[in-house]
1. Tell me, please, whether a residue that is part of a helix (DSSP H, G or I), away from chain A (no Cβ under 14 Å), at pLDDT 90 or above and under 27 Å from B:H472 (Cβ atoms) can be found in the range B:47-55.
2. Looking only at residues that are β-branched (V, I, T) and either more than 21 Å from the chain's Cα centre (by Cα) or not in a helix (DSSP H, G or I) (or both) in the range A:34-66, which one is nearest to A:L11 (Cα to Cα)?
3. For the range A:77-127, which residues satisfy the criterion of being farther than 13 Å from A:F238 by Cα and without any contact (Cβ under 8 Å) to a residue 40 or more places away in the chain?
4. Which numbered condition trips up B:V423, out of (1) within 30 Å of B:A274 (Cα to Cα); (2) assigned to a helix (DSSP H, G or I); (3) open to solvent by 10 Å² or more (accessible area, probe 1.4 Å)?
5. Could you identify the single residue in B:R354, B:R362, B:R302, B:R358 that is in contact with a strand residue (DSSP E or B) (Cβ under 6 Å, 6 or more places away or on another chain) and surrounded by fewer than 24 Cβ atoms within 10 Å (Cβ to Cβ)?
6. Go through B:W100, B:W116 for me and flag whichever is within 20 Å of the chain's Cα centre (by Cα), open to solvent by 20 Å² or more (accessible area, probe 1.4 Å) and of a type outside the set (V, I, T).
7. Scanning for something modelled with pLDDT under 90 and not hydrophobic (A, V, I, L, M, F, W, C), does the range A:446-462 turn up at least one residue?
8. Do the conditions hold for A:V29, that is, is it open to solvent by less than 20 Å² (accessible area, probe 1.4 Å), of a type outside the set (S, T, N, Q) and farther than 17 Å from A:F104 by Cβ?
Amino acid sequence: MMTGTDLILLLPSLLLAAFAVIAMLGIAVRRSHGWTAFCAACGFLLAIAAGWRSLPLLPRPVTGLLFFDRFALLMTTVILAAGLAVSLISHAYLSRGEGRNEEFSILLLIASLGAAVLAASVHFAAFFLGLELLTVSLYGLIAYPRRGRSYEAGMKYLILAAVSSAFLLFGMALVYAETGSLAFPPNMHHLPAEVHSPLLLAGFGLMIAGVGFKLALVPFHLWTPDVYEGAPAPVTAFIATASKTAVFAVLLRLAPSLSLQPGSPLFAGLSLIAVLSMLAGNLLALRQENVKRMLAYSSIAHLGYVLVPFLAGGSAGASAAVFYLIAYTVTSLGAFGTVAVLSGKGQDRDSLEDYRGLAWRQPGTAAVLSVMFLSLAGMPVTGGFMAKVALVSAGVHASLWLLLAALVAGSVIGLFYYLRMITAIFSPPGAVIRLPVQLSLLGNGVLALLLFVLLWLGLLPGPLLRLVQASLPF
Amino acid sequence: MILLWLIIVPLIAGPAAWAFGRGANSLSRWISLLALAVDGVLVLSLWQTAPAPGSSWIAELRLAWIPQLGIGLHLAADGLSLVLVSLTIVLGLASVLCSWKEIGERVGFFHFNLLWILSGILGVFLSLDLFLFYVFWELMLIPMYFLINIWGHENRVAASYKFFLFTQAGGLLMLLSILSLASVHQAETGILTFDYALLKTTSLGPAASLLVMLGFFAAFAVKLPVVPFHTWLPDAHTEAPTAGSVILAGLLLKTGAYGLLRFVIPLFPAASAAFAPAAAALAALGILYGAVVAFGQRDLKRLVAYTSVSHMGFVLLGAFAGSAAAQSGAVMQMVAHGISTGALFIIVGLLQERLHTRDMERMGGFWSLAPRLSALGLVFCLASLGLPGFANFVAEFLVLAGSFPAHTAAVSVSAAGLVLAAVYSLRVVQRVFHGTAAVPMLPDLDARETLVLALLAVAILWLGLQPGLILHPLSPAMDGLSASGVLAGLIK
């Protein structure tokens, strides 16, 4: 039975869906890019507000599929804030091109709805539903500009996401065959922690492969550079942030049932994935001339980093992972957002050459981009630094020395290409001086806000750390 | 609060210099000078303060920063910090003055970087919270990278990468060590803290202690530099603009030495004692290697860079000698090297400004062309070779005499470094200032340049004749260092 309380808890999701419908009806009357973008922004803002209004009612399960607690609320807020930032940045981006722009906002709302469902899901059905809602909308978003590269990227994402969904479904089926239930923790706590049966192990293994695709971990990362490059910059930002945060939230909820003690097969497998991601991601990023490709490989490495506190486990590990994801979300939104602000739908400015001497032409934008890259490199007074400290700290507590060694090695390799970008930004302008595009006030405002949040996280991380620690159910 | 203001003044003046310097270049120069002058006045007021009885700390400040993680804004100054902070401000002033004409592009951003490096260095010398220390340690990196990368010479990009990667790799190992230390302390006492005084009481097992100590040592050894980790230094020094070289040689290398004296030895006394013979051997190797390679250079700036490797070997030797005399000598060497090498880099910079080359084969006979420049050059070459009367002599003598009981063999070998120093220094004098004139004309120093170099010359002579100026305020800190059982067992 649904009660009024349940509906209040579902209100953020309902609002997202409602505004998608309102925007669609608006299009039926008259096409207006401004109107649909406004609808999307309202949807995101109201959904965030509705989520926080429901705080006194938490925690509470709804229909056995979803479980609303402070963790779900925090992750949903991050996802929706990312969605809001993407929708604001994409407005000017889309205006700088031909074709219709209205459906973009609707797809963005639906993708965010899927991600929000993931953050609250405690049941394989909800997990799959959320994931498909997210993924199917992303097909459309990636191919939205209808240029060659984005068609290719959309197609690649379609095929590989379908494969990963198949892995995921088969894994779920195997786990269901063993446990007889489609719900995940806390219902599965009765499982013997130390020995998983081969069937269960195979099931979880397949699910990790499926999740690995979404998180772009090595060796499931092959789609990442092409999709990051081909997708329009705001969508790349969404894939890098909201989509990954949502899937990682599910992974964190699943963690208690994976029995990840050192020595267990899943622990060994995930450690291997983490080490490979950290090293391969950073090494492959070294020679990239395309900023979006570079950031794609960098994101592989960063998700490898987040696995370190995840494997460390405990509330310290989980809070470090969540803090890292939040800092990474802010940073990635800033980095891809800058690319989007400087680009248009027709053509992304994603070659390293485009950024040569940016500091002397557009100091403000260059400053944002440099700080974002410094944050990715983990330099102090940025959020990326504090996040890395929290992450290494969790690893040290759990004595994961091998993973930490890979992390240090990966970080040093990573410095090379982050420095390449910063060097390009601050080098004298090249012979070909491209005229700057007309900058949008909205996009610049979002970038300034992201910069402020990032520095705030780096200087005074206390409040957010407390919030994260208070919202962990595990 | 004075300690906090010392750091904040350049931190605020940096953006101001950038913002106001967009229209008028000299405005950002004057803002930088003003900020450093304010810091100078603040430091002078600290010199007047005597440490509280029973403690070596002259001033201390504790503020909360991130209480959840046990991170505090804990600043403190004792004799050691005070001496190095003063050196920072003096060399900071010198580097602003010496780039007055050299830097003509993006002047505002240049001074922004300069002031932020100085702020980071001041923070390093004053932090007593290990986390805060690490933040400042990293903070000085990025502006230094920009300084080399934007205003450097021909191979500036490669040099700046190398500098950044070496220091950052060492820094990450130190971060691991800091977090491990805090983690062990938390397991022992249940308190998560990064405070120096509390972490000092942590008891680690011998093996763990050595590993954690090596993490710190890696970061400081790269900065110092200790010989196998020194390869970034000649490139970075050679390619950096004059002010960058002055700060690199005069101050950044000192942060490594300071880290050894402030953190490695007091935090890990037993592990340091076990490691001391190896450190002494590395020091002797560095002293000889730096001197020999310096002798083989054609590029004057590269030569001076290699002499730094040699001179900083004495600091390493003294730091791990376990006697107050040797450790005071090490600090003296830091100051003396900071001034004399900084001055030599300024002279090289002035020559390059005038000749557009650093190649010694194309120099010669400058004594007749530019007597003031040459005379001052001679003074600093003599200081660098350790002539009695200069601070360098006092420093090297104290280090060698103080280390002799603990590291007899290493000291015997290192003493040869003094001879080699005379060889390379006199070669510079002979090549550059004597002989027949290699160029038709060379403008002599103007008033600003004379002022900077003359002040540095007076300083190094004064300290050579009155070493008590530094050794006296230093003694409580150094006595505390060696009396706490640190390494004292080494002296039979």
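1. No: zero hits.
2. Filtering the range A:34-66 down to residues β-branched (V, I, T) leaves A:36, A:48, A:62-63.
The next check asks that each one be either more than 21 Å from the chain's Cα centre (by Cα) or not in a helix (DSSP H, G or I) (or both); those that pass are A:36, A:62-63.
On the way: A:T36: 20, A:V62: 12, A:T63: 14 Å.
So the residue we want is A:V62.
3. A:T77
4. Answer for B:V423: the failing condition is (1).
5. B:R358
6. Result: B:W116 is the single residue among B:W100, B:W116 that is within 20 Å of the chain's Cα centre (by Cα), open to solvent by 20 Å² or more (accessible area, probe 1.4 Å) and of a type outside the set (V, I, T).
7. yes
8. Here the answer is no, as A:V29 does not meet what is asked.
The values are calculated or read from the model by the stated rules, or taken from the named source; none is laboratory data. What you are looking at is a predicted structure, and each value in this text was computed from that prediction instead of being measured. Please note: Cβ atoms are built from the backbone with ideal geometry, for glycine as well, and neighbour counts cover all protein chains shown. Note: areas computed on protein heavy atoms with side chains; ligands, DNA, RNA excluded. Shrake-Rupley method; radii C 1.70, N 1.55, O 1.52, S 1.80 Å.
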